[in-house]
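What follows is a single structure, written as structure tokens, with notes after it.
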Amino acid sequence: MNIKIFCFLSFAFIYSSLLSFSQVVNIEKKRTDNPKGGLQGNIDFSFSAIDNGNSILIGKNIIKLQYFKGKHLFLFFNDLSMSQVNNNKFQNDGYQHLRYNLNLDSSRITPEAFVQHQYNTIKKLERRYVGGIGPRIKIIEKDTFRMYFGPLSMYEHEELSNDSITDKFRLSCYLSFNWNFSKWFSLNNITYYQPNYADFSDFRLASESNLMIRISNKLFLKSLFEVTYDSKPPPGVKNMLFNFTNGVSWVF
């Protein structure tokens, strides 16, 4: 591929992502809409530089597994990263996520349920356990473009580094799309809105855009842009954070 074309596409992707006001990091974008049954997945390695008040370098390893048989779809994700902050300190973050979908015949609505464990020392999150259930609604499903909407409810148990412990019920509402606009390029986005049922001024917004550029049948270049906003973050943590990552992905 011509290097000038690649640089132009990368710049256009960053610019369009910055223009769209967005939101939290999530699992929906990792789903593989592939009719082939059995086990599928991919392993990613990447390196990124972030400035959110600190100078941060991050190395990441992501494992995704999807198992589809009959009407049953199981998704499992494990995401781990190591961060160097201001050249003298390391931080860790990661999550494990399990999701189940029951695919009904000729239906635009798919029941789904999930559980997740998460930690993030940069955001002063010692651990967070969540579990939820709700419908996944098909809005558009074509060969090159798919869009889904999911109004789920979830329970959240959160423990912070200042020994604060909270339990909340939240709406976890998402809108996602996947656009395969050529053999070589694809773009997907997922946007979440997660208000506290007891106090709608306590909410999170998150958006993630993912551009994939095919190098070979199994190897891809990947550019990722994430923006998250928390209306009531832990003390000392900024409301809005962002992350831009370039890496490679091996898909099998």
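Where a number appears in this text, it was derived from the coordinates with a stated rule and is not lab data. The structure presented is a predicted model; accordingly, all values stated were derived computationally and were not measured. Neighbour counts are summed over all protein chains in view; Cβ atoms, including those assigned to glycine, are modelled from backbone coordinates with ideal geometry.
Around the Cα centre of region 173-252, unit charges on the Cβ atoms of Lys, Arg, Asp and Glu (plus for the first two, minus for the last two) sum to a dipole of about 440 debye. The residues neighbouring residue 242, those whose beta-carbon lies less than 11 Å from its own, together hold a net charge of -2 under the Lys/Arg +1, Asp/Glu -1 convention. Magnitude of the charge dipole for region 143-182, about its Cα centre and with charges confined to Cβ atoms of Lys, Arg (+1) and Asp, Glu (-1), is about 300 debye.
Taking label points 7 Å from Cα along the Cα-to-Cβ direction, residue 163 and residue 232 give a separation of 2.1 nm.
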